[in-house]
Amino acid sequence: MTDEQKVDGIFVSPEYLRELFMYENGRLYWKARNECHFVSEKASKIWNAKFPGKEVGYELKGYRRVRFLGRLWSVHAVIYALHHGPFTGIIDHIDGNTLNNNLANLRLTDRLGNSRNRSVNARIQSGLKGAYPSGSKWFSTIRIDGKPHYLGLFDTAELAHAAYAKAARKHFGEFANYER
């Protein structure tokens, strides 16, 4: 990989991103742009009178997105690209809040790491990750490398969840998400 930055599957140089955006407290703002970014001087003047200093993008499907270079980009990926070297993979929101684009809340991972950081499924009766009803008892399972592993049968949902949390910490490390 060269000194270009991969953002949402497309290589864009960090220098080019710095020409377009300014980062501040988890948000991206438009910068004034040189005429070379536009098809005409008039277009440049109109754009530069309206957008510099304004926050970029809009919310779409739970993520903040921005349109430039003729396509839609994830703001969190652009922010990561502005601050870190070349990357391929997925940018994960550590706290699970996809609108919290503070740099400290973003980390590079792959699909597996990202899926380990998911919130509890709303369909889980107990509301606790890894705890499922089985008659009058609760059982716990965890998926490791795509395979389910039975963790045991417990008297309460809390005990089943505790077994899941322990296994998640052991197998998933920093990506273990058992609280939400």
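No value in this document is a laboratory result; all are computed from the given coordinates. Small disclaimer: the values here were computed from a predicted structure and weren't measured. For neighbour counting, all protein chains shown are included, and Cβ atoms are generated from backbone atoms with ideal geometry for every residue, glycine included.
Which residue, Glu41, Glu19, Glu55, tops the fluctuation ranking in a GNM of the chain built on C-alpha contacts under 10 Å?
Of Glu41, Glu19, Glu55, the Gaussian network model singles out Glu41 as fluctuating most.
Putting +1 on Lys and Arg Cβ atoms and -1 on Asp and Glu Cβ atoms, find which of Pro14, Gly135, Asn34 reaches farthest to the positive end of the dipole of the chain.
Gly135
In degrees, nearest 10, range 0 to 90: what is the angle between the Cα axis of helix 41-50 and the longest Cα principal axis of the chain?
Value to nearest ten degrees: 50.
Ile90's amide H: which non-local residues (gap 5+, or another chain) put their own amide H closer than 5 Å, with H modeled 1.01 Å from N in plane and none for Pro or chain starts?
It is Thr109, Asp110, by chain and number.
Take the Cβ-Cβ distance between His84 and Arg33 as r, set R0 to 25 Å, and report the resulting FRET efficiency rounded to the nearest 0.05.
Working from the Cβ atoms, E equals 0.60.
Would you mind pulling out the separation of the Cα centroids of region 55-94 and region 95-112, in Å?
Their Cα centres are 11 Å away from one another.
Taking N as the number of residues in the chain, what is its Cα Rg relative to 2.2 N^0.38 Å?
Normalised Rg, Cα atoms only: 1.35.
For region 132-149, just list the computed ³J(HN,Hα) in residue order, Karplus coefficients 6.51, -1.76 and 1.60, θ = phi - 60°, integers in Hz, with x standing in for Gly and Pro.
Per-residue couplings from phi come out as 10, x, 8, x, 8, 10, 10, 10, 10, 9, 9, 9, 10, 6, x, 10, x, 10 Hz.
Could you derive backbone 3J(HN,Hα) for region 62-77 from the dihedral phi with the Karplus parameters 6.51, -1.76 and 1.60 (θ = phi - 60°), listing whole Hz in sequence and x where the residue is Gly or Pro?
Rounded to whole hertz, the list is x, 10, 7, 10, 9, 9, 7, 6, x, 8, 8, 10, 7, 4, 4, 6.
Roughly what would the spin-label model give for Ser134 and Thr156, points 7 Å off Cα along C-beta, in nm?
Simple spin-label model gives 1.9 nm for this pair.
Dipole size in debye (nearest 20) for region 5-109 around its Cα centre, Lys and Arg Cβ +1, Asp and Glu Cβ -1?
Values: 15 positive and 10 negative charges, 64 e Å.
Dipole size: approximately 300 debye.
Using the per-residue mean of other Cβ atoms lying within 10 Å as a proxy for protection, in what order, highest first, do the peptides 95-107, 145-157 fall? The partial results should precede the final answer.
Working: 95-107: 15.6, 145-157: 11.9.
My ranking of the peptides, most packed first, is 95-107, 145-157.
Using label points projected 7 Å from each Cα along Cα→Cβ, tell me how many nm separate His149 and Asp95, to one decimal.
3.0
Starting from the amide H of Val12, placed 1.01 Å from N in the peptide plane, find each other amide H under 5 Å away whose residue is 5 or more places distant or on another chain.
Gln5, Lys6, Val7
Out of residues 5 or more away from Phe68 or on other chains, whose amide H comes under 5 Å of its own, with H placed 1.01 Å from N in the peptide plane?
Under 5 Å from the amide H of Phe68 lie the amide H atoms of Trp73, each far enough along the sequence or on another chain.
So what is the calculated 222 nm ellipticity per residue for the chain, using -39500 (n - 2.57) for each DSSP H run with n of 4 or more, over all residues, to the nearest 500 deg cm²/dmol?
Details: 5 runs with 48 residues, N = 180.
Calculated at 222 nm, the ellipticity per residue is -7500 deg cm²/dmol.
Under unit Cβ charges (Lys, Arg +1; Asp, Glu -1), what dipole magnitude, rounded to 20 debye, does the chain have relative to its Cα centre? Before the final figure, lay out the partial values.
Values: 27 positive and 18 negative charges, 97 e Å.
Roughly 460 debye for the chain.
Tell me the relative contact order for region 5-109 as a rounded percent, counting alpha carbon contacts under 8 Å between residues six or more apart. Could the numbers behind the result be given before it?
Details: 144 pairs, mean separation 27.6, N = 105.
Over region 5-109, the number comes to 26 percent.
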